[in-house]
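The next block holds one structure in the form of structure tokens; read it before the comments.
The values are calculated or read from the model by the stated rules, or taken from the named source; none is laboratory data. None of these values were measured; they are calculated from a predicted model. All Cβ positions, even for glycine, are placed from backbone atoms using ideal geometry, and neighbour counts span all protein chains on display. Accessible surface is based on the protein model in full, side chains and every heavy atom, while ligands, DNA and RNA are left aside. Shrake-Rupley method; radii C 1.70, N 1.55, O 1.52, S 1.80 Å.
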Amino acid sequence: MTGPRHFIDLWRLQNADLRAILDDARRRKAARAGWTRGRVDADAPAAGRTLAMIFQKNSTRTRFSFDAAIRQLGGASAIATASDMQLGRGETIEDTARVLSRMVDAVMIRANSHADVELFAAHCDVPVINGLTDKSHPCQIMADLLTYEEHRGPVAGRTLAWVGDGNNVCSSFIHAATAFGFTLNIAAPAAYAPDAEDLARARKAGAHINVTLDPRAAAHGADAVITDTWVSMGDKDEAERMAALTPYRVDAALMALAAKDALFFHDLPAHRGDEVTAEVIDGPQSVVWDEAENRIHAQKAVLAWCFGAIG
Ligand code: CP
Ligand code: NVA
């Protein structure tokens with residue numbers, strides 16, 4: 001017997017399933033152009049299903065996009081912060097997973113610790129979706145790749161440049177590189193380098209990933225320049241990070257080194273004047289609002305995959 005379809009890290013999924021999810025997202029988005037945001041898709045693949053969402057950290061996009069997503073698929077949601085739950089008073093992750101398995105059809109978790117999401121999934125009889133951990137943010141990258149392909153066509157063979165902290169979002173780009181066939185240039189300071197295990201696994205699987213200390217080298221000729229906050233939720237060393245990452249700010253001069261039609265990506269929330277200048281994020285190359293909207297469309301396809309409707 002096979003277990004539930006968990007969506008925890010992109011590298012654990014089959015390449016064909018990842019492609020099917022992205023294609024389903026594109027089709028679903030096109031099919032509802034001009035509709036109100038609460039209207040249910042014609043096939044309603046989540047009819048009769050409930051998604052529970054648990055948040056150990058703050059969220060705007062993940063929270064509202066998953067809520068919109070499950071409703072557009074014809075399902076319902078239940079949302080709680082971990083501190084509202086008995087989880088916040090010491091009930092175990094395993095027991096929480098066993099209980100929710102009897103009450104809902106899927107669980108999305110945003111957690112401090114990646115290991116906690118894996119533990120939850122190991123004791124959960126329904127699909128578990130990673131809504132961001134300290135290690136990865138797979139839903140964000142599916143939305144970003146949907147956005148790239150909407151604007152520029154297939155991402156395979158293109159070069160994406162990550163400039164800044166080699167953090168959880170960067171790791172999910174590393175996880176996606178093999179399946180989607182893009183080259184990833186990463187520029188990060190040595191103290192905030194991308195995860196070595198992620199890099200080794202991806203390279204072994206055939207990914208083209210270049211790591212450098214030099215933001216200009218990473219951006220040179222790239223089809224997209226991507227960054228994220230210098231201080232992620234849970235990071236304590238704010239002053240050290242700001243100092244080490246200042247040379248990695250994405251500004252107009254850096255964008256000018258990329259391809260002429262390069263796009264700028266940021267998962268948000270953004271800090272204008274730190275990791276990106278206002279001129280870039282609010283400028284014509286920026287697709288950050290499309291990225292945010294596409295969280296809904298990408299996650300609908302992730303949910304459809306978890307429920308066995310695609311792939
Ligand atoms: N990008 C993203 O995940 O945003 P939230 O933290 O607002 O969910
Ligand atoms: N790297 C950021 C992403 C927020 C969506 C964080 O983990 O806080």
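Based on what the data block shows, is E118 open to solvent by less than 60 Å² (accessible area, probe 1.4 Å) and either away from ligand 1 (no atom under 16 Å from the Cβ) or not in a helix (DSSP H, G or I) (or both)?
no
Which number in (1) outside any helix (DSSP H, G or I); (2) surrounded by 24 or more Cβ atoms within 10 Å (Cβ to Cβ) marks the one condition that E91 misses?
(2)
How about the range 76-123: which of its residues are under 29 Å from A44 (Cβ atoms) and in contact (Cβ under 8 Å) with a residue 60 or more places away in the chain?
Selection gives D105, A106, V117, A121.
Rundown of residues vs (1) open to solvent by 50 Å² or more (accessible area, probe 1.4 Å); (2) basic (K, R); (3) closer than 28 Å to A106 by Cα; (4) more than 16 Å from ligand 2 (Cβ to nearest atom), yes/no style:
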| site | (1), (2), (3), (4) |
| --- | --- |
| A244 | no, no, no, no |
| Y248 | no, no, no, no |
| A258 | no, no, no, yes |
| F264 | no, no, no, yes |
| V280 | no, no, no, yes |
| S286 | no, no, no, yes |
| A301 | no, no, yes, yes |
| W305 | no, no, yes, yes |
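If the requirement is being farther than 20 Å from P138 by Cα and assigned to a helix (DSSP H, G or I), which of these qualifies: A68, A97?
A97
So for the range 151-171 (the condition being out of contact with any His (no Cβ under 7 Å at 6 or more places or on another chain), more than 27 Å from R241 (Cβ to Cβ), modelled with pLDDT of 95 or more and part of a helix (DSSP H, G or I)), does at least one residue qualify?
yes
If the requirement is being closer than 24 Å to L303 by Cβ, of a type in the set (G, A, S) and either in contact with a strand residue (DSSP E or B) (Cβ under 6 Å, 6 or more places away or on another chain) or open to solvent by 10 Å² or more (accessible area, probe 1.4 Å) (or both), which of these qualifies: G157, G153, G131, G166?
Numbers: G157 fails: closer than 24 Å to L303 by Cβ; G153 fails: closer than 24 Å to L303 by Cβ; G166 fails: closer than 24 Å to L303 by Cβ.
Only one candidate qualifies: G131.
Are any residues in the range 52-88 open to solvent by 60 Å² or more (accessible area, probe 1.4 Å) and within 16 Å of ligand 2 (Cβ to nearest atom), and if so, which ones?
Q56, N58, T60, R61, R63, F64
Could you go through the range 141-150 and let me know if any residue there is out of contact with any His (no Cβ under 6 Å at 6 or more places or on another chain), outside any helix (DSSP H, G or I), open to solvent by less than 10 Å² (accessible area, probe 1.4 Å) and modelled with pLDDT of 95 or more.
For the range 141-150, residues out of contact with any His (no Cβ under 6 Å at 6 or more places or on another chain), outside any helix (DSSP H, G or I), open to solvent by less than 10 Å² (accessible area, probe 1.4 Å) and modelled with pLDDT of 95 or more: absent.
Inspect the range 210-223 for any residue being farther than 25 Å from G283 by Cβ, touching a helix residue (DSSP H, G or I) at 6+ places or on another chain (Cβ under 9 Å) and crowded, with 16+ Cβ neighbours inside 10 Å and give the result as yes or no.
yes
Quick one: G308 ticks every box in (1) within 13 Å of the chain's Cα centre (by Cα); (2) part of a loop (DSSP other than H, G, I, E, B) except a single one, so which number is it?
Of everything listed in (1) within 13 Å of the chain's Cα centre (by Cα); (2) part of a loop (DSSP other than H, G, I, E, B), G308 misses just condition (1).
Among (1) basic (K, R); (2) over 16 Å from A298 (Cα atoms); (3) within 16 Å of ligand 1 (Cβ to nearest atom); (4) free of Cβ contacts under 8 Å to residues at least 60 places away in the same chain, where does R63 come up short?
Every condition holds for R63 apart from (2).
Return yes when A270 is surrounded by 17 or more Cβ atoms within 10 Å (Cβ to Cβ), out of contact with any Pro (no Cβ under 7 Å at 6 or more places or on another chain) and among the small types (G, A, S) and no when it is not.
On the way: surrounded by 17 or more Cβ atoms within 10 Å (Cβ to Cβ): yes; out of contact with any Pro (no Cβ under 7 Å at 6 or more places or on another chain): yes; among the small types (G, A, S): yes.
Spelling it out, A270 is indeed surrounded by 17 or more Cβ atoms within 10 Å (Cβ to Cβ), out of contact with any Pro (no Cβ under 7 Å at 6 or more places or on another chain) and among the small types (G, A, S).
Considering only the range 125-147, state which residues are touching an Asp or Glu at 6+ places or on another chain (Cβ under 9 Å), more than 16 Å from ligand 1 (Cβ to nearest atom) and of a type outside the set (V, I, T).
Hit for the range 125-147 is P127, nothing else.
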